[in-house]
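Only one structure is covered here, and it is reproduced in the block below.
Bear in mind that the values in this text are calculations on the coordinates, not laboratory data. If you're wondering where the values come from, they're calculated on a predicted model, not measured in any experiment. Methodologically, a virtual Cβ is constructed for each residue, glycine included, from the backbone with ideal geometry; neighbour enumeration extends over all protein chains shown.
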Amino acid sequence: MTIRINNAGDVPVTGKGTTGDLLVRVHVASSKNFVRQGQNLYHEARIPFHTAILGGRVRVHTLDGEVDVRVPVGTQPGEEMVLRGRGVPSVYGGSNGDLFVKFMTLLPRSVSGSDD
């Protein structure tokens, strides 16, 4: 992305005339927590099996730090929740994008039964 800042560039060599524009090229590094599409962010939250079934709260990464999110009862693997306004701020002003949280259920490797 390139951002143009009018009249913030170099002065002409002769010293007379108007200043040029400053062009700023922005490169965004990849993140281990988020995938970005425009102003929206996507995050996978791993939740325990019992939290998916019974509901509860989990901590989710955002750009502003971690927040507690309520997991509804009966959440299915791959189900998404939208946190409005928790995405990337607009370069030109206006509202932020959204953060889409996809719940990935952690299944136990083994289940022990009780002997009757």
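When the range 33-68 is examined, which residues are found to be over 18 Å from the mean Cα position of the chain (by Cα) and at positive phi?
GLY55, GLY56
Residue check, ASN96 against (1) without any contact (Cβ under 8 Å) to a residue 40 or more places away in the chain; (2) under 30 Å from GLY9 (Cβ atoms), all met but one. Which one?
The failed condition is (1).
Looking at the range 37-48, which of its residues are closer than 23 Å to TYR92 by Cβ and touching a strand residue (DSSP E or B) at 6+ places or on another chain (Cβ under 8 Å)?
ASN40, LEU41, TYR42
Being surrounded by fewer than 12 Cβ atoms within 10 Å (Cβ to Cβ), over 29 Å from VAL24 (Cβ atoms) and over 14 Å from the mean Cα position of the chain (by Cα) narrows it down to one of PRO108, PRO77, so name that one.
Result: PRO108 is the single residue among PRO108, PRO77 that is surrounded by fewer than 12 Cβ atoms within 10 Å (Cβ to Cβ), over 29 Å from VAL24 (Cβ atoms) and over 14 Å from the mean Cα position of the chain (by Cα).
Any residue in the range 41-55 that is within 17 Å of MET1 (Cβ to Cβ) and either exposed (fewer than 10 other Cβ atoms within 10 Å of the Cβ) or in contact with a Phe, Trp or Tyr (Cβ under 7 Å, 6 or more places away or on another chain) (or both)?
Yes: one or more hits.
Scan VAL88, VAL71 and give me the residue that is under 22 Å from the mean Cα position of the chain (by Cα) and within 30 Å of LEU107 (Cα to Cα).
Selected residue: VAL71, the only one of VAL88, VAL71 that is under 22 Å from the mean Cα position of the chain (by Cα) and within 30 Å of LEU107 (Cα to Cα).
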